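The values are calculated or read from the model by the stated rules, or taken from the named source; none is laboratory data. Since this is a predicted model, take the numbers as computed values, not measurements. Positions of Cβ are backbone-derived with ideal geometry, glycine not excepted, and every protein chain shown enters the neighbour counts. Only protein heavy atoms, including side chains, enter the accessible area calculation; ligands, DNA and RNA are left aside. Shrake-Rupley method; radii C 1.70, N 1.55, O 1.52, S 1.80 Å.
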Amino acid sequence: MATLDAGDMHDPLLLLKQSIAAGGSIIPTTTADASSASAVDLSLAKATFLHFSSPAQVSIPLTTPTRFFSSDKPVDLRSIFFAWEKRETAIPEYNGAAQELNAELTADDGAGGQVQNLAFVERLDLITWLEGASEESEYIKPLASDTSSAAASAQVASGVKGGIVPVTSGAQGRSGKTIDPRLAEIYNGERRMGDRNSVLRGIKPTDFSHVRKLAAPFNARKAAQAAAAASVNNTTLAHNPKAPVRRPDPIILLSPSASSLLRLSNIKAFLENGMYVPPESVSASSSSSSTLLHTQRLITSIDATRPIRFILVDTPEQFKPEYWNRVVAVFTTGQAWQFKTYKWQQPTELFKHTLGIYVGWRGDNPPDTVRGWGRGVFSTQVDKYSAGAPPASRWRDREVVESIWKGIEDHMRQKGWRRDSGPMSI
């Protein structure tokens, strides 16, 4: 890093660069004295000085021209500091912020003047130099001390100062012995050489900024290739980060309540076959000890070529944080204690993120709690079960199942489920 000598003590560009490297505070102020709290103004529209705490306690007027040149004109410190503050801002936002700041500067309570809107290449070159990633910039004129060093190197190279004294013709040669006159003439033809300082430094500082510009397209192409490779290697399966990218399985949560008409023992047969049987019935297809089931459904509006596999669970005990984004439906009996281990424990908040489903007996009114949770809960009813009734009497169960799947399908489309991807982040 360049250091400040007596001639460059208040160079604003170098002060800014060194203060950034040291992590020192850089504060816009309304006076040169930053010790008063009333003088500190973080708005560039009203401030008139920029106070540095490192490497020296000094305040410099924001109108001070710097060694950074744009269109052959020096750019003032206010414009330089504004570009640094907006270093992570996209071009349209940067241009808009510059227009807003200029409007504030010209207002009645503004400091006056205008900030110069730097071109993208200029701003990139400036930020790279301020961050220390580059020690040279084609837009920054060298310090006086750098110019003096270059002039001294030129004098050494030309032989005016320092260097190695060449061998001259005469009676004495390099070894102090008499040499042949013809050999002496050859020595006289040798080019005068400089010392190691002139060889290493040259007669002026060498600007390699053009190399960075030539390399920029290759670096951008390499970064794009790396990003593409990273996206291919990414996965939606939290338990296997090396697995290929595929659509995650949506999750349906059931109520663990003993009063629920649909539990893990009979939910699979209900959703797949369209016929209700009691959870304790011997005809229930799933074991009552199951903690996780799978069912498949072809949802043509999302993927017309392959069924979507759904995960059926009655507790989020083994959930990872990212699993909540995959929950597409929650079956409930209207008992709020069901949600005490959920990510969203308040029913009104829960059903903003996922579909609630209440299934009751036909002819019975839904609980007041379910009605109070609003449109986020889909309420439906099935015929009361009779052990002696023939299977054909439950023809309306299919209609109920289809209405449930229709609600799940609509909710999944709203959350952004696609043929090859899961939902959008919540």
**OP:** Could you check how many residues of region 350-374 are touching a strand residue (DSSP E or B) at 6+ places or on another chain (Cβ under 9 Å) and open to solvent by 60 Å² or more (accessible area, probe 1.4 Å)?
**Re:** 5
**OP:** Test VAL328 against the stated conditions and say whether it is within 31 Å of the chain's Cα centre (by Cα) and among the β-branched types (Val, Ile, Thr).
**Re:** yes
Original post:
Which of the residues that make up region 99-120 are part of a helix (DSSP H, G or I) and in contact with a helix residue (DSSP H, G or I) (Cβ under 7 Å, 6 or more places away or on another chain)?
Top reply: LEU101, PHE120
Original post:
Does VAL156 qualify as being outside any helix (DSSP H, G or I), out of contact with any His (no Cβ under 8 Å at 6 or more places or on another chain) and either at pLDDT below 55 or open to solvent by less than 60 Å² (accessible area, probe 1.4 Å) (or both)?
Top reply: no
Subject >> Matching residues, region 381-401, being under 11 Å from MET275 (Cα atoms) and either open to solvent by less than 40 Å² (accessible area, probe 1.4 Å) or within 54 Å of the chain's Cα centre (by Cα) (or both) >> reply: VAL382, ASP383, ARG394, TRP395, ARG396, ASP397, ARG398, GLU399, VAL400, VAL401
Original post:
Going by the structure shown, is PHE310 more than 18 Å from VAL277 (Cα to Cα), of a type in the set (Phe, Trp, Tyr) and either assigned to a strand (DSSP E or B) or touching a Phe, Trp or Tyr at 6+ places or on another chain (Cβ under 6 Å) (or both)?
Top reply: yes
**OP:** Find the residue count for region 104-121, including only residues that are open to solvent by less than 20 Å² (accessible area, probe 1.4 Å) and in contact with a strand residue (DSSP E or B) (Cβ under 7 Å, 6 or more places away or on another chain).
**Re:** 1
**OP:** Go through region 277-287 and give me each residue that's within 17 Å of LEU312 (Cα to Cα) and at pLDDT 70 or above.
**Re:** PRO279
Original post:
Does region 390-402 contain at least one residue that is assigned to a helix (DSSP H, G or I) and closer than 19 Å to SER255 by Cα?
Top reply: yes
**OP:** Could you give me the residue pairs with C-beta distances under 8 Å whose first residue belongs to region 364-385 and is touching a residue at least 24 places away in the same chain (Cβ under 8 Å), whose second residue is open to solvent by 40 Å² or more (accessible area, probe 1.4 Å) and β-branched (Val, Ile, Thr) wherever it lies, and which are 6+ apart or on separate chains?
**Re:** TRP373/THR348; GLY374/THR348; GLY376/THR348
Original post:
Is one or more of the residues making up region 355-363 touching a residue at least 60 places away in the same chain (Cβ under 8 Å) and touching a helix residue (DSSP H, G or I) at 6+ places or on another chain (Cβ under 9 Å)?
Top reply: yes
**OP:** Select from region 403-426 the residues that are outside any helix (DSSP H, G or I) and open to solvent by less than 60 Å² (accessible area, probe 1.4 Å) and write down the one among them that is farthest from GLU349 (Cα to Cα).
**Re:** SER421
**OP:** Look through region 69-96, keep the residues that are in contact with a Leu (Cβ under 9 Å, 6 or more places away or on another chain) and basic (Lys, Arg), and return whichever of them is least open to solvent (accessible area, probe 1.4 Å).
**Re:** ARG78
